[in-house]
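So the structure is just underneath, and the comments pick up after that.
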Ligand SMILES: Nc1ncnc2c1ncn2[C@@H]1O[C@H](COP(=O)(O)OP(=O)(O)OP(=O)(O)O)[C@@H](O)[C@H]1O
Ligand SMILES: [Mg+2]
């Protein structure tokens, strides 16, 4: 062999060695192996035949593009791994050099028939990985018409070992990638299942509007999308944020909440973005800041609408570039956090008025979740009350089981401007007031709430057109709406009579208690009872 050819082969060995370490995917490796071998061995064709163990068949994982017709014919072609020289090399584990293929009885003509080409001479070497034989590499028809030399054969043998290992690595890598993708899908599905099974834990919500909230929460939990939770005070914004975090892939990471309205500007800045020791007076040590502390988890920015403009710019950088610049430092630091924010303001109108950066708004509001106020989902009130009673009773070690009907009616009728938190506080307070009784009554409910329900009821009654149907039993006043002469005074009398009757019944006729509940003195109530002839 010439020195020139030697150099070319050394070069090939070197190139392939580099490629084997740099490339790991089969679809990149195979064309390279085939092309380089063809060049170095001056052959018409080179084929890698891999073994399908389950079926004990050879198949062609890659066919060179150069001959597209042949490529198409070979792409689905398989044959028994016991046939021909390929089969022989595989089963014996030894390489072969055949100089006159067509006159050799061991020749299997199936492949030639498929390609339409005639194999004159060939060399073939088994590919043995650490796990055993994985296939063969076959080099056919030397271009100069002469048979392959012994040197050619040795060269192929030398190469086949590293080709086998490279192919095996590629296979293992592909398997690992596939199983990773499978696991990722499974985890995604499981998380979603878990999220919907948990119904986000302790969150109550039975109506259509809350069903939509739960649906959005499930979707949000399945990704790392930036979420904005909107809703009045006490509607459960933080609960939603925690629920999403707990059901998300970041569940094992921290959930760190910060109320942007609760801190002076400079303090908020260093709390969120961190500072370097000495960045300002009093900065006695490095402080990583919330975004770095929450690595792998979630940062929850409550009342994000209150964030001062300078910090809005810094937050934008976190969301857009995933980096923070701590106070007193000039180089940004990468952070890996999910940002969720909440607001009880109309952020859109803040944007219009220039109080909130519009670029930041569109970044934080990619996935908005709007929480309905409690007055729009009154159906949940009894369940919430029941749940809070149970919780408060346990915590306060009281034998309380629930509220009586009259007080539940007040819970139902009240407008709850403070939403769920107000219900919770009211229940806590009532349980705290309770003694040994198991049922809580009107007397345990705050006067302000009772009063506002009473006022609402009275206005409702007056505006009701149906005043004639239910005059108070034994009322001295003749009230009739038919003649159009119903006066406000009369209407009020009807209401008062009805209200007092009801209240007295609930208080088992106890005038003192009823008076207290109405916010009247005992004497005043007695006067009204007499006036309306209620006894
Ligand atoms: N759907 C719900 N089911 C049960 N409890 C709830 C629900 N929503 C909220 N709560 C409870 O109500 C209270 C207020 O909720 P949360 O703090 O999440 O409201 P918020 O919207 O963040 O209020 P604020 O605007 O005042 O910060 C919490 O104690 C929470 O546990
Ligand atoms: Mg909150």
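The values are calculated or read from the model by the stated rules, or taken from the named source; none is laboratory data. Note that the structure is predicted; figures quoted are calculated from it, not measured. Note that each Cβ is placed from the backbone with ideal geometry, even for glycine, and that neighbours are counted across all protein chains shown.
Of all residues in the range 219-240, those satisfying the criterion of being surrounded by 21 or more Cβ atoms within 10 Å (Cβ to Cβ) and more than 8 Å from ligand 1 (Cβ to nearest atom) are 220, 221, 227, 228. Over 25 Å from the mean Cα position of the chain (by Cα) and touching a residue at least 24 places away in the same chain (Cβ under 8 Å) - does that describe any residue in the range 364-374? Yes, there is a match, as at least one residue in the range 364-374 is over 25 Å from the mean Cα position of the chain (by Cα) and touching a residue at least 24 places away in the same chain (Cβ under 8 Å). Restricting attention to the range 223-241, the residues being closer than 21 Å to residue 318 by Cα and either assigned to a loop (DSSP other than H, G, I, E, B) or not assigned by TED's automatic domain parsing to the domain that holds residue 297 (or both) number 4. Scanning the range 291-304 for residues that are crowded, with 24+ Cβ neighbours inside 10 Å and in a helix (DSSP H, G or I) turns up 291, 304. Residue-level check: of (1) in contact (Cβ under 8 Å) with a residue 12 or more places away in the chain; (2) in contact with a helix residue (DSSP H, G or I) (Cβ under 9 Å, 6 or more places away or on another chain), residue 379 misses just (2).
Would you be able to say whether some residue in the range 387-404 is without any contact (Cβ under 8 Å) to a residue 60 or more places away in the chain, within 16 Å of ligand 1 (Cβ to nearest atom), in a helix (DSSP H, G or I) and out of contact with any helix residue (DSSP H, G or I) (no Cβ under 9 Å at 6 or more places or on another chain)? For the range 387-404, residues without any contact (Cβ under 8 Å) to a residue 60 or more places away in the chain, within 16 Å of ligand 1 (Cβ to nearest atom), in a helix (DSSP H, G or I) and out of contact with any helix residue (DSSP H, G or I) (no Cβ under 9 Å at 6 or more places or on another chain): present. Summed over the range 405-426, residues that are out of contact with any helix residue (DSSP H, G or I) (no Cβ under 7 Å at 6 or more places or on another chain) and closer than 16 Å to residue 453 by Cα total 5. Candidates in the range 100-130 are the residues that are at pLDDT 95 or above and within 52 Å of the chain's Cα centre (by Cα); of these, the one that is surrounded by the most Cβ atoms within 10 Å (Cβ to Cβ) is 125. On the basis of being more than 10 Å from the chain's Cα centre (by Cα), in a loop (DSSP other than H, G, I, E, B) and within 14 Å of ligand 2 (Cβ to nearest atom), does residue 279 make the cut? No. Looking across the range 349-363, just one residue is assigned to a helix (DSSP H, G or I) and over 30 Å from the mean Cα position of the chain (by Cα), and that is 352. Scanning the range 1-50 for residues that are over 42 Å from the mean Cα position of the chain (by Cα), without any contact (Cβ under 8 Å) to a residue 40 or more places away in the chain and closer than 24 Å to residue 79 by Cα returns 34, 35. Within this structure, residue 26 fails the test of being under 25 Å from residue 144 (Cα atoms), assigned by TED's automatic domain parsing to the domain that holds residue 108 and in contact with a helix residue (DSSP H, G or I) (Cβ under 9 Å, 6 or more places away or on another chain).
Scanning the range 193-218 for residues that are at pLDDT 75 or above, in contact with a helix residue (DSSP H, G or I) (Cβ under 6 Å, 6 or more places away or on another chain) and surrounded by fewer than 16 Cβ atoms within 10 Å (Cβ to Cβ) yields 206, 207.
Conditions tested, residue by residue: (1) under 23 Å from residue 419 (Cα atoms); (2) at pLDDT below 95; (3) away from ligand 2 (no atom under 16 Å from the Cβ); (4) not assigned by TED's automatic domain parsing to the domain that holds residue 235.
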| residue | (1), (2), (3), (4) |
| --- | --- |
| 325 | no, yes, yes, no |
| 329 | no, yes, yes, no |
| 334 | no, yes, yes, no |
| 338 | no, no, yes, no |
| 347 | yes, yes, no, no |
| 350 | no, yes, yes, no |
| 353 | no, yes, yes, no |
| 367 | no, no, yes, no |
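Selection of helices (runs of 4 or more DSSP H) fully inside the range 421-525 by the criterion of at least 1 residues being at pLDDT below 70 and surrounded by fewer than 18 Cβ atoms within 10 Å (Cβ to Cβ) returns 447-463, 488-506. The residues of the range 250-271 that are in contact with a helix residue (DSSP H, G or I) (Cβ under 8 Å, 6 or more places away or on another chain), outside any strand (DSSP E or B) and closer than 26 Å to residue 314 by Cβ, listed by number, are 254, 260, 261, 263, 265, 268, 269, 271.
State all residues of the range 223-245 that are away from ligand 2 (no atom under 16 Å from the Cβ) and over 20 Å from residue 335 (Cα atoms); if no residue qualifies, say none. Those that are away from ligand 2 (no atom under 16 Å from the Cβ) and over 20 Å from residue 335 (Cα atoms): none in the range 223-245. Which of the residues belonging to the range 291-310 are modelled with pLDDT under 90 and under 21 Å from residue 359 (Cα atoms)? Passing the criteria: 309, 310. In summary, residue 246 fulfils each of the numbered conditions (1) at pLDDT below 90; (2) in a loop (DSSP other than H, G, I, E, B) with the single exception of condition (2).
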